[in-house]
Each structure stands twice: as C-alpha cells, then as structure tokens.
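For reference, the structure discussed in these notes is given below.
Bear in mind that the values in this text are calculations on the coordinates, not laboratory data. Only a predicted model underlies this, so the values are computations on that prediction, with no experimental measurement involved. Glycine gets a Cβ as well: all are built from the backbone with ideal geometry, and neighbour counts include every protein chain shown.
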Amino acid sequence: MSTPLIDPFARPINYLRVSVTDRCDFRCVYCMAENMTFLPKKELLSLEELDRMCSTFVRLGVEKLRITGGEPLVRRDIMSFFAKMTRHLESGALRELTVTTNGSQLRRFARQLADCGVRRINVSLDTLDEKKFADITRWGRLAQVLDGIDAAQEAGLRIKINTVALKGFNEDELFTLQEWCAERGMDLTFIEVMPMGDLGNEDRLDQYWSLKDLRGRLAERFTLHDLAERTGGPARYVQLEETGQKIGFITPLTHNFCESCNRVRLTCTGELYMCLGQEDMADLRAPLRASEGDGQLEEAIRAAIARKPKGHDFDYSRQKVDGQMTRHMSHTGG
Ligand code: SAM
Ligand code: SF4
C-alpha cells in the first residue's frame, strides 16, 4: 500500500462515500425537485472508472466504502461494480462495503449484495404511513420498500433505518418507528434536515425539528445511555435501557464532529468534496481519464486531501440560512 491519506489536521482519511448516480426513482421533497434534469451519461464515471477510482482510494488507505446516490440501486448493472469491490474485501484492504438506499430495489438485489460481501445497509424511511410516504417521496410506494426491507433481512443483511426528522410530519411517529425497528432488530438513526439545494418551493426552516427536542421526547419514555462509539461522522448513539436498542442522532449542522472527520465524498461525475458543508472540490475525472495509469489520479487525490478544511460552515442560528449549500444531497450523496 502507498502512504495513507492524512489531512493537514492530522486526520487519517479512511472512509469514502461514493455517489454512483444522480438519478432516483423517488423525488423526496427535501432532496429533489419534482422535475429534475439529470446529467448526460458521458458526464458520469463509467462502472470501470468507478472501479479504478475506488481501488485507488483503497490503495491509499480507504477501509470503508459507502455506495450512495441518487438511488444507487437504480444504476444499470451496478451489481457488477459491487462484485468488483469484493476483491478488496477478500484481500483485507477494505473492511466494509456498505450502501445507503431508499429500499425500493432491495427485493431484487439484497441477495446479490450479500453475496458481494455487503453485511450492513442503511435504508432511508421517514414514515410508516402509506399516504404520508407517498407525499414525502412524491413517487415512492411504501409497500415496495417494506417488502425490500423483508428481502434484505431474509438475505441476512443488518439494517439501519435512517429517518429525516421533520416537524409536523413524523413527530407523531417517533415511538411507532422506534417500536417497529425494535421488533425487527433494526437500529434507527434520526437525521436533522439540512439546508441543501434550493429553498425555492420548500422552506426547510419550517420543517426543522431539532434532535435535541426529539431526544428529550425519547427520554420521557426510556432511560437513555450515551454510547462512546464514534464513527468519525456526525452521528451520536444512545442505547435504550428498556429495549437494548441503539438510536442514532445525526446533526450535520453542528460543528462538534469535525475534529474527528475521517471522510470524503465522491460524486458520480468524479468530483471529490472534502467537506459536506463547503463548496471546495477537486475534479478527479480529468486526471483519471488523462492516462491509463493511476499516477496522476493518485497525485490529484493527495492534493485534494491536503486542502481538506478544518470544519464546515452551516449555521441555522442565523434565522436565514447563510451557510446554505446550493448543491443537493443527491449530488454529494448524503
Ligand atoms: N437514495 C438513497 C436514500 O435515500 O437513502 C441514498 C441517497 S440520499 C441523498 C442519502 C440520505 O440523505 C437519505 O437518508 C436522505 O434521507 C438524506 N437526505 C436527503 N436530503 C436531505 C436533507 N435536505 N437533509 C437531511 N437529509 C437529507
Ligand atoms: Fe432519492 Fe434518496 Fe433523494 Fe429520496 S433522499 S430523492 S430516495 S436520493
């Protein structure tokens, strides 16, 4: 292996999130506009290029790869990419290959994912109410996702449910979701809604439900034990004494996780974002396409990591969203 990636603040970069497509079969209101224009195919990294890109990062010390999107499982032939990544799991260079999905395609792909060495997946689900599900995803069908979750459990995949906390939308489902996950042996993580994308049609400040408040409500019913477990990301975990269940809180708008940040994000066009909350990025597609060898690409990755900022710049406290990012989550992959 080459010298591992260490950023200017002495943080080892060993976690890469890769968006493999900007497309999706849903149109969640906080994530996409209803009429999205997607990128032309030639802009996207091909599956072979994604393999080269990820393999180079693995050679540089990345041990955890999370595949996301858009909806990663709608990309044509994506299973051949997962199958290619299996060799890095088998060699021991990669410790974990995971995926974040909306669950719609799991009935079709869960078994293949498991065969490729995927052990845990994140499934995004904001509500267990069919009508509300149709409203929030615009195009999704709850039954299909629930069936996908069944398929994933049948295939032996461990599931973490990710739920965006939305004021006036799923506040009343806090305990329903918690109980449903407990019954099925699934962990549950709540995500604070982020000011991504354009605020044109939906005002995300109106939807903002603080996880501090959510945690307070959980504490009225359960005894919460803080877990020391850290992932290098914006998640904190508690264990509910009564059920043994793990509940996570992702508060991307606070800065208090930046000091341990171990991750970078690659878009489906080969842009590397060094920080979720800042616009700076490095184009890795040009050096990748410039030659058949990976030397230039490796150099470009090292140069990018050398620019990784100390922390990000969101700020909700200023009642207007000054730190707001103009790109969508489906672009950087959440
Ligand atoms: N399509 C897959 C899915 O939904 O899981 C993967 C991509 S999606 C962009 C990744 C995660 O980002 C999802 O859990 C989604 O709920 C979350 N997300 C999207 N927009 C968000 C926003 N504005 N604030 C907080 N989370 C957001
Ligand atoms: Fe698609 Fe995921 Fe965005 Fe929803 S959150 S529109 S499922 S990419």
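Per-structure values
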read-out	value
Distance histogram for region 1-66 (every C-alpha pair counted, 5 angstrom bins, percent rounded to whole numbers)	3, 14, 18, 17, 15, 13, 12, 7, 2
Solitary cysteines of the chain, where the nearest other Cys Cβ is not under 4.7 Å	Cys24, Cys54, Cys116, Cys181, Cys258, Cys261, Cys268, Cys275
Tail beyond 16 Å, pair distance distribution of region 84-151 (Cα, percent)	51 percent
Rounded to whole Hz, the Karplus (6.51, -1.76, 1.60) HN-Hα couplings of region 20-30, x for glycine and proline	9, 7, 9, 7, 7, 8, 10, 9, 3, 5, 8
Helix-only CD estimate at 222 nm, as mean residue ellipticity for the chain, using -39500 (n - 2.57) per DSSP H run (n ≥ 4)	-9000 deg cm²/dmol
When region 43-178 is reduced to its Cα atoms, the Kirkwood hydrodynamic radius in Å	15.9 Å
Nearest-ten-degree value, helix 211-221 long axis tilted from longest Cα axis of the chain	50 degrees
Most fluctuating residue given options Arg263, Arg230, Arg107, as computed from a GNM of the chain linking Cα atoms under 10 Å	Arg230
The chain: angle of helix 142-154 to the longest principal axis, Cα-based, in degrees nearest 10	70 degrees
Qualifying aspartates and glutamates (Cα of each under 13 Å from Cα of Lys84; at least 8 residues distant if same chain)	Glu48, Glu49, Asp51, Asp115
For Glu271, Glu179, Glu34, order by how many other beta-carbon atoms lie within 10 Å, fewest first	Glu34, Glu179, Glu271
Bridge type composition, the chain - antiparallel percent by DSSP, nearest 5	35 percent
Translational diffusion coefficient (Stokes-Einstein; Kirkwood radius from C-alpha pairs) of region 57-99 at 10 °C, 1.306 mPa s, in µm²/s	146 µm²/s
Two-decimal log10 I(q)/I(0) for region 37-121, as the Debye equation yields it once each C-alpha is a single scatterer, q = 0.13 Å⁻¹	-0.40
Calculated log₁₀ intensity ratio I(q)/I(0) where the Debye formula runs over C-alpha points of the chain, q = 0.07, 0.11, 0.13, 0.14 Å⁻¹	-0.27, -0.70, -1.02, -1.20
Over 31 Å (Cα to Cα) - which of Lys41/Lys310; Lys132/Lys212; Lys41/Lys246; Lys41/Lys64; Lys41/Lys132 fall in this group	Lys41/Lys310; Lys41/Lys246; Lys41/Lys132
Helix 295-305 axis, angle to the chain major axis (alpha carbon atoms, nearest 10°)	40 degrees
Total formal charge among the other residues, if their Cβ is under 12 angstrom from that of Ile6, Lys/Arg +1 and Asp/Glu -1	+2
Share of alpha-carbon pairs per 5 Å distance bin for region 39-82, given as whole %	5, 18, 29, 28, 13, 6, 0
